[in-house]
Amino acid sequence: MPTMRVAFVVALSAVLFGIAPQTPSAPAEHGTLRLHYVQKPIGYERYDLARDGDAFQMSSDFDFTDRGGNVHLNATLRTKADYTPVHFTAKGKSYRFVNVDSDVIVDGTSATVRADGAEAKITVPAIFYTVDGYAPFSAQMLMLRYWKQHGEPRVIRTVPGSPGNDVYVESRGREAIRIGTKAVRLERFVIDGVVWGRETLWLDEDGSLAAAITRAGGLGFEAVREDLESALVAFVQRATIDRLGDLETITARTPPLKIGTYAMVGGTIVDGTGRPAIADGVVVVRDGKIADVGPRASVTIPEGVVTVPIDGKTVIPGLWDMHTHVTQVEWAPVYLGAGVTTVRDMGNEFEFITALRKDINAGRALGPRLLLAGLIDGPGPNAFGVYYAATPDEAKQVVGKYHDAGFEQIKIYSLITPPMVEAIAAEAHRLGMTVTGHVPNGMTIDQAAIAGMDQVAHLAIRGEAGSDEVNRIIGVLKDRRTVIDPTQSWNELLGHAAGAPIAAFQPGVTKIPPPLNRLFSNAGTAGIDAATARTRLERGLRIVKALHDAGVPVVVGTDEGIPGHSVHREIELYVEAGFTPMEALQAATIASARAMKLDGELGTIEKGKRADLVVLNANPLEKIQNIRTVRWTIKDGKVYDAPTLWRSVRFQP
Ligand SMILES: [Zn+2]
């Protein structure tokens, strides 16, 4: 009976894969990778690779559960003996909101590519590969073997994907990783372009995948072979060193146009205080600070100071993103390119984010000012991340760890219990930290605020603006001065009718690199029309406006979204909600600075504050969309060219 069963499986596979039955395969190579999300083990990828005559047949089962939701992807890849792809299939999901349904059949130099319901016949170059995002890792492993077999080419074109979806592979040499008493010899590779930005992968001496450090859904994602599991953090740390090296390289290639002392002369200055714009203004910058600002007639430019004419341009304070996850170094030039000089990170890999902040603060790497909120969740299989608190003692320990590492805040996540909110808040406040995060399950936003949360992420208010219940909740938030980052651009991005063009509300989507394009082309909500999506968004915007009118501080946050561009969209949405352009701008500047108690040195263009400024080609008070016209971004007095920053990480300016 077992023999028949095997025969049945082979026959069924032949039907499914559309290939003729083959002679029995040579002994197969098997691999089991433990999958982790933000270092928490959440599932497995299991793959088989069989020699089949002069071909290889790989099949992979990629499966994990993230915060209670299952993500499952089945993939197959048939290759020639030199790993050249012949037939690739992938079906399922690679992340919560990323559906994958791809089929690529290669015939010589032509390929039939079916992806996302569309089919095309394309010509493939001599060097190409079939991968569709980070999963399955076994496909990336075979791509590395192909790269080695083909003379380590500089560029590999990948399908499916838009034209120009190029992948760059680099070997960074051999190293050993210690597991117990034995040393395992590995080769380390950096791959750029399978996902947006760089990943690190390791192959062992047999060419089998040992580990991969990448990102999924914008957060850290790790695959580690089962027997190497104990080295997870060592792999994360090694990849972090790689990434900081990459950012230092970008930094060296993107030097500031100007530093030191200079005067920008002749532009419109929107100082962000709420006062009217200054026409024909001057900003004098000295050693990273604003030395003077005002109308040309009232500012004396010290003798010998270099002047920079900015006629026709508008200067605003550096923007903030109060809800992000800077999980890759490519965010650093993107944020500066978008005019964002300060961000609050709302949950990340501890090793990565602390190392990145150190590098930026030391001036070795360019990037926005990083403020950190440390993630804590309740325990259990549905928890998020690896820092838990189920008892007051555990809360003290985790809060203490973040405090010692210089985090400004604690971010509470959904499984924290109501009594633990109080314990965490008490300890955080004792140490001079503030508390933000999700409203935990089983609590309402007003209860969370009363329990000690100083701030709340996302718009956790049901019902209609103007109703008694919503008014009551807003009253509580107002009394406690609870800060809200309502992430409406994120709601819009995930809530828009699937299939409707994102460019209709977010023009930035036309400028992002191919892997992000592919990711977001799948985003959206199925089964609703554009009018329904807009109605849902407008309900949220009415509440945002009601909060603002009541005096509850509303700050701009994106939860990542379309890198950089979502900051602009969030600001535009507040104007759609009924904020004045000045108020929307303040939500992204002084209101954010105040929420983080940094308004003494940041948030407006005033004498003595840090020189974090944005020079725009057009005035956002006249039309809020002009916020997208960033020409130069100035952080701590260093002037960066925005188009150069964008290009450094494969965005179009
Ligand atoms: Zn978030």
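Residues in region 386-424 that are closer than 27 Å to T341 by Cα and surrounded by 15 or more Cβ atoms within 10 Å (Cβ to Cβ): how many?
In the first step, residues of region 386-424 are kept if they are closer than 27 Å to T341 by Cα; the result is 399, 401-413.
Still in the list and also surrounded by 15 or more Cβ atoms within 10 Å (Cβ to Cβ): 399, 402-403, 407-413.
So the answer is 10.
I'd like to verify a number: residues in region 502-516 that are of a type in the set (S, T, N, Q) and surrounded by fewer than 18 Cβ atoms within 10 Å (Cβ to Cβ), how many?
Residues meeting the conditions: 1.
Which of the residues belonging to region 544-565 are more than 16 Å from the ligand (Cβ to nearest atom), touching an Asp or Glu at 6+ places or on another chain (Cβ under 8 Å) and either under 23 Å from K511 (Cα atoms) or part of a helix (DSSP H, G or I) (or both)?
Matches in region 544-565: H548 only.
Go through the residues of region 501-522 one by one and say whether even a single one is within 16 Å of the ligand (Cβ to nearest atom), at pLDDT 95 or above, within 30 Å of W646 (Cβ to Cβ) and in a helix (DSSP H, G or I).
no
From the list I301, I316, exactly one residue is surrounded by 22 or more Cβ atoms within 10 Å (Cβ to Cβ), in contact with a strand residue (DSSP E or B) (Cβ under 6 Å, 6 or more places away or on another chain) and more than 19 Å from R198 (Cα to Cα). Which is it?
Result of the check over I301, I316: I316.
Conditions tested, residue by residue: (1) under 20 Å from T589 (Cβ atoms); (2) among the hydroxyl-bearing types (S, T, Y); (3) assigned to a strand (DSSP E or B).
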site	(1), (2), (3)
L336	yes, no, no
T342	yes, yes, yes
N348	no, no, no
L356	no, no, no
D359	no, no, no
A365	no, no, no
L370	yes, no, yes
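What are the pairs, 6+ residues apart or on separate chains, where a residue within region 243-259 that is under 23 Å from F189 (Cβ atoms) has its Cβ under 6 Å from a residue that is of a type in the set (K, R) and buried (at least 18 other Cβ atoms within 10 Å of the Cβ)?
Taking only residues 6 or more apart or on different chains, the pairs are D246/R198.
Out of the residues in region 213-250 that are closer than 28 Å to N361 by Cα and part of a strand (DSSP E or B), state the one that is nearest to the chain's Cα centre (by Cα).
L219
Looking at region 23-37, can you tell me whether even one residue there is part of a strand (DSSP E or B), loosely packed, with under 15 Cβ neighbours inside 10 Å, in contact (Cβ under 8 Å) with a residue 40 or more places away in the chain and not assigned by TED's automatic domain parsing to the domain that holds E351?
Yes; the residues of region 23-37 include at least one that is part of a strand (DSSP E or B), loosely packed, with under 15 Cβ neighbours inside 10 Å, in contact (Cβ under 8 Å) with a residue 40 or more places away in the chain and not assigned by TED's automatic domain parsing to the domain that holds E351.
Taking G151 as the residue in question, decide whether it is on the phi > 0 side of the Ramachandran plot, touching a Lys or Arg at 6+ places or on another chain (Cβ under 8 Å) and assigned by TED's automatic domain parsing to the domain that holds R188.
no
Specify the residue that is farthest from the ligand (Cβ to nearest atom); the eligible residues are those in region 457-488 that are of a type in the set (G, A, S) and closer than 30 Å to P563 by Cβ.
Of region 457-488, the ones of a type in the set (G, A, S) are 457, 460, 463, 465-467, 475.
Those still in the list that are closer than 30 Å to P563 by Cβ too: 457, 460.
Values: A457: 6, A460: 13 Å.
Ranking the candidates gives A460 first.
Give just the number: which of (1) crowded, with 17+ Cβ neighbours inside 10 Å; (2) at positive phi; (3) out of contact with any strand residue (DSSP E or B) (no Cβ under 7 Å at 6 or more places or on another chain) does G499 not satisfy?
(1)
When region 301-330 is examined, which residues are found to be assigned to a strand (DSSP E or B), within 16 Å of the ligand (Cβ to nearest atom) and of a type outside the set (D, E, K, R)?
If the condition is that a residue be assigned to a strand (DSSP E or B), within 16 Å of the ligand (Cβ to nearest atom) and of a type outside the set (D, E, K, R), then W320, M322, H323, T324 are the ones that fit.
Residue check: is R369 within 16 Å of the ligand (Cβ to nearest atom), of a type in the set (K, R), closer than 24 Å to V556 by Cβ and modelled with pLDDT of 95 or more?
no
The values are calculated or read from the model by the stated rules, or taken from the named source; none is laboratory data. Remember, it's a predicted structure, so these values are computed and weren't measured experimentally. All Cβ positions, even for glycine, are placed from backbone atoms using ideal geometry, and neighbour counts span all protein chains on display.
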